[in-house]
Amino acid sequence: FQNEINEVPFFDVHLPYELALKIFQYLGRAELGRCAQVSRTWKALAEDEVLWFRLCQQEGYLVDASISEQPCWKLALKDCRARERALRANWKNRSGAVSQLQYELGRVLCDVHSCDGVVVAGYTSGEVRLWDTRTWDYTAPILEPVHDPGDAGPRPHVSFVRINSSLAVAAYEDGTVSVWSLMTGRAPIHHYQHNQRIQALALGSEGAAVATASGFEVKVESPNDRGFWQTTGTFEIQKLVNFLKLVPEVSGSPVAVAAAEDIVYLLKEEDPGKILHSVYGQPVTCLDVSAHEAAFGVKGFGWLLNEPNQVLLYNLETTQCLKKLGNSMGDFTCVNLQDSPPNMLVTGNKDRRVRVFDLRSGAALCSLYAHSRGVSAVRMDDWKVVSGGEEGLLCVWDQRMGTKLWEMHARHPVRYVWFNSHSLITANIPDEKTPRGASIMDDDLTAHRKHRGVIHAYEFSVDQLAAESVLPICRSSYDAVTGYNYNIGLAVPYDNI
């Protein structure tokens with residue numbers, strides 16, 4: 001046995017340990033388990049930390065960890081797989097905690113965005129608030145606006161908000177854009193002004209680049225090497241911009257994609273007026289970009305001219321059309337390319353269907369039907385699809401089975417959907433920003449609450465919230481105004497037990 005420490009017996013030959021380890025690197029979990037039953041030497045080899053560390057990395061667990069961080073990588077992989085199975089079961093059975101991100105009376109929700117569980121929301125009062133849904137006791141701070149002594153009266157409404165891992169950005173009705181750093185505090189680190197109302201706002205998924213469209217102008221701002229913000233590009237557009245995105249993972253100056261009615265522009269500093277797509281009379285209805293491609297819905301002329309509504313996929317480097325997807329009577333209202341799995345694309349349509357496309361073949365893998373007024377937001381991962389409708393219905397689907405797992409309903413349209421492996425954030429944003437009964441002076445608070453919109457945060461992680469899941473009836477207290485527990489059907493307030 002002492003000799004087998006350095007030379008591993010392989011039937012009729014003895015191999016060095018390092019060479020035997022290289023052979024075992026091609027085996028999976030089941031094969032390593034079978035090899036561990038051959039002999040004590042093979043057991044020691046099959047349970048080598050290097051092998052299980054590589055398996056853990058290959059399956060996407062603990063990617064940023066080093067091999068010395070875990071005492072037993074085989075056990076770590078087992079725990080990660082068990083946690084993933086529990087999360088998937090909780091997603092399918094809707095087991096977990098649900099919370100509403102509350103705000104003050106008199107505020108109507110205008111826009112919502114999130115990044116890794118941190119949510120930013122803008123309101124008609126001009127306030128911009130942050131929530132960290134990873135900690136449930138987190139109080140939402142108000143990001144301070146730009147102080148101007150000459151301002152008097154109410155602040156303008158918030159038009160758009162965006163957030164990434166380091167910055168939060170808000171655009172207001174009067175054309176003001178404010179940028180906050182999530183690291184330094186609540187005071188803005190940069191702001192600039194447009195002369196007209198802002199039609200679109202984009203923030204890079206990484207780094208610090210902000211793009212805004214106002215009138216016939218698109219402006220891109222980013223900090224220089226010394227940290228001072230400056231205008232890195234100003235582009236003149238022939239028509240009013242409807243959609244604006246910044247291309248992720250771009251080295252050097254930022255690159256933006258703008259859809260202005262029936263023209264799609266690729267805005268680069270070295271080539272400011274490049275047109276990616278233009279067909280007269282066929283307006284763009286939705287837009288999303290990834291690192292190398294852009295996908296957008298195009299409204300056709302109708303069946304009479306054999307031009308149905310489609311989703312076009314363009315390569316941003318060659319500016320060539322790669323695929324024409326779909327053949328629908330309804331307009332494509334939302335598309336998600338950046339957050340979808342590789343070679344996949346999910347779309348929502350006015351015909352009330354959610355479609356998942358395979359970009360390699362151009363065929364629709366599945367068509368999901370549940371909404372009654374059209375789809376307003378979609379997102380997917382490797383096994384599920386989450387869609388929101390104009391009627392306020394949120395649906396969670398098993399993409400491979402093509403079946404609906406569960407649904408939730410609220411009063412206003414679902415305008416934003418974000419999720420990761422263990423949490424889900426949805427926003428029901430009203431179309432009417434100044435409804436009757438939305439004033440803080442109104443006495444009928446019930447009528448007031450129904451106009452404001454709502455942000456829901458779902459947490460499906462059993463390990464973090466086992467004691468605070470929706471099953472215990474003592475989660476809410478008399479401090480809550482209203483509430484709902486779908487498992488028990490019990491209205492609050494009710495006693496803490």
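Between a residue in the stretch 140-166 that is farther than 22 Å from Glu206 by Cα and any residue that is at pLDDT 85 or above and surrounded by fewer than 14 Cβ atoms within 10 Å (Cβ to Cβ), which pairs come within a Cβ distance under 6 Å, given they are 6 or more apart or on different chains?
Correct list of pairs: Glu144/Ala187.
Take the residues in the stretch 58-80 that are open to solvent by 50 Å² or more (accessible area, probe 1.4 Å), in contact (Cβ under 8 Å) with a residue 12 or more places away in the chain and not in a loop (DSSP other than H, G, I, E, B); name whichever of them is farthest from Asp398 (Cα to Cα).
Ile67
List, please: which pairs have Cβ atoms under 7 Å, are six or more places apart or on different chains, and start with a residue in the stretch 406-434 that is farther than 17 Å from Arg129 by Cβ and end with one that is open to solvent by 50 Å² or more (accessible area, probe 1.4 Å)?
Partner pairs satisfying both residue conditions: Arg411/Lys450; Pro413/Asp431.
Can you name the residue in the stretch 339-365 that is in a loop (DSSP other than H, G, I, E, B) and under 23 Å from Asn90 (Cβ atoms) and, of all such residues, is most open to solvent (accessible area, probe 1.4 Å)? Spell out the reasoning first.
Quick first cut of the stretch 339-365, residues in a loop (DSSP other than H, G, I, E, B) only: 339-343, 350-352, 359-363.
Within this subset, residues satisfying the condition of being under 23 Å from Asn90 (Cβ atoms) are 339-341.
Details: Asp339: 69, Ser340: 16, Pro341: 29 Å².
Only one residue fits best here, namely Asp339.
Residue-by-condition table, conditions (1) open to solvent by less than 10 Å² (accessible area, probe 1.4 Å); (2) closer than 28 Å to Lys433 by Cα; (3) not in a strand (DSSP E or B):
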{"position": "Trp180", "(1), (2), (3)": "yes, yes, no"}
{"position": "Gln196", "(1), (2), (3)": "no, yes, yes"}
{"position": "Leu201", "(1), (2), (3)": "yes, yes, no"}
{"position": "Lys239", "(1), (2), (3)": "no, yes, yes"}
{"position": "Ser251", "(1), (2), (3)": "no, no, yes"}
{"position": "Val264", "(1), (2), (3)": "yes, no, no"}
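How many residues are within 19 Å of Gln70 (Cβ to Cβ) and assigned to a helix (DSSP H, G or I) when one looks only at the stretch 34-44?
Within the stretch 34-44, the first condition is being within 19 Å of Gln70 (Cβ to Cβ), and the residues that meet it are 36, 44.
Restricting the remaining residues to those that are assigned to a helix (DSSP H, G or I) gives 44.
Within the stretch 34-44, residues that are within 19 Å of Gln70 (Cβ to Cβ) and assigned to a helix (DSSP H, G or I) number 1.
Among the residues of the stretch 213-237 satisfying the criterion of being of a type in the set (A, V, I, L, M) and in a strand (DSSP E or B), which is farthest from Ser251 (Cα to Cα)? Can you show your working first?
First, pick out the residues of the stretch 213-237 that are of a type in the set (A, V, I, L, M): 213, 218, 220, 237.
Among the residues that remain, those that are also in a strand (DSSP E or B) are: 213, 218, 220.
On the way: Ala213: 22, Val218: 20, Val220: 15 Å.
Residue satisfying both the conditions and the ranking: Ala213.
For the stretch 88-126, give me the residue count where each residue is closer than 30 Å to Gly207 by Cβ and not acidic (Asp, Glu). Give the derivation first.
Step one: of the stretch 88-126, the residues closer than 30 Å to Gly207 by Cβ are 101, 103, 109-123, 126.
Cutting the leftovers down to not acidic (Asp, Glu) gives us 101, 103, 109-110, 112-115, 117-123, 126.
Result for the stretch 88-126: 16.
Suppose the filter is in contact with a Ser or Thr (Cβ under 9 Å, 6 or more places away or on another chain), closer than 23 Å to Thr319 by Cα and at pLDDT 90 or above; does Leu246 pass it?
Numbers: in contact with a Ser or Thr (Cβ under 9 Å, 6 or more places away or on another chain): yes; closer than 23 Å to Thr319 by Cα: yes; at pLDDT 90 or above: yes.
So Leu246 fits the description; yes.
Does Asp381 count as open to solvent by 40 Å² or more (accessible area, probe 1.4 Å), modelled with pLDDT under 95 and out of contact with any Phe, Trp or Tyr (no Cβ under 7 Å at 6 or more places or on another chain)? First the steps, then the outcome.
Working: open to solvent by 40 Å² or more (accessible area, probe 1.4 Å): no; modelled with pLDDT under 95: yes; out of contact with any Phe, Trp or Tyr (no Cβ under 7 Å at 6 or more places or on another chain): yes.
Here the answer is no, as Asp381 does not meet what is asked.
Identify the single condition in (1) open to solvent by 20 Å² or more (accessible area, probe 1.4 Å); (2) more than 16 Å from Val311 (Cα to Cα) that Leu368 does not satisfy, given that it satisfies every other one.
The number of the failed condition is (1).
Give the residue that is nearest to Leu167 (Cα to Cα), with candidates limited to residues of the stretch 86-130 that are among the small types (Gly, Ala, Ser) and part of a strand (DSSP E or B).
Quick first cut of the stretch 86-130, residues among the small types (Gly, Ala, Ser) only: 86, 89, 95-97, 99, 106, 114, 117, 121-122, 125-126.
So of that shortlist, the ones also part of a strand (DSSP E or B) come out as 97, 99, 114, 121-122.
Values: Ala97: 28, Ser99: 25, Ser114: 11, Ala121: 14, Gly122: 15 Å.
Applying the filter and picking the extreme gives Ser114.
Which one is nearest to Arg352 (Cα to Cα), of the residues in the stretch 315-330 that are modelled with pLDDT under 90 and in a loop (DSSP other than H, G, I, E, B)? Give the derivation first.
Start the filter on the stretch 315-330 by keeping residues that are modelled with pLDDT under 90, which leaves 326-330.
If we keep only those that are in a loop (DSSP other than H, G, I, E, B) too, we end up with 329-330.
Values: Met329: 11, Gly330: 8 Å.
Step by step, filter the stretch 315-330, then rank; the result is Gly330.
Which members of the stretch 308-324 meet the condition of being exposed (fewer than 14 other Cβ atoms within 10 Å of the Cβ) and out of contact with any Leu (no Cβ under 7 Å at 6 or more places or on another chain)?
Glu317, Thr318, Gln320
Return the residues of the stretch 9-33 that are assigned to a loop (DSSP other than H, G, I, E, B) and over 24 Å from Glu59 (Cβ atoms); say none if nothing qualifies.
Keep residues of the stretch 9-33 that are assigned to a loop (DSSP other than H, G, I, E, B), which gives 11-12, 25-28.
Scanning the stretch 9-33 gives Phe11, Asp12.
The values are calculated or read from the model by the stated rules, or taken from the named source; none is laboratory data. Computed from a predicted structure; not experimentally measured. When we count neighbours, we look across all protein chains shown, and the Cβ atoms used for this are built from the backbone with ideal geometry, even at glycine. The area values use the complete protein model at the heavy-atom level, side chains included, leaving out ligands, DNA and RNA. Shrake-Rupley method; radii C 1.70, N 1.55, O 1.52, S 1.80 Å.
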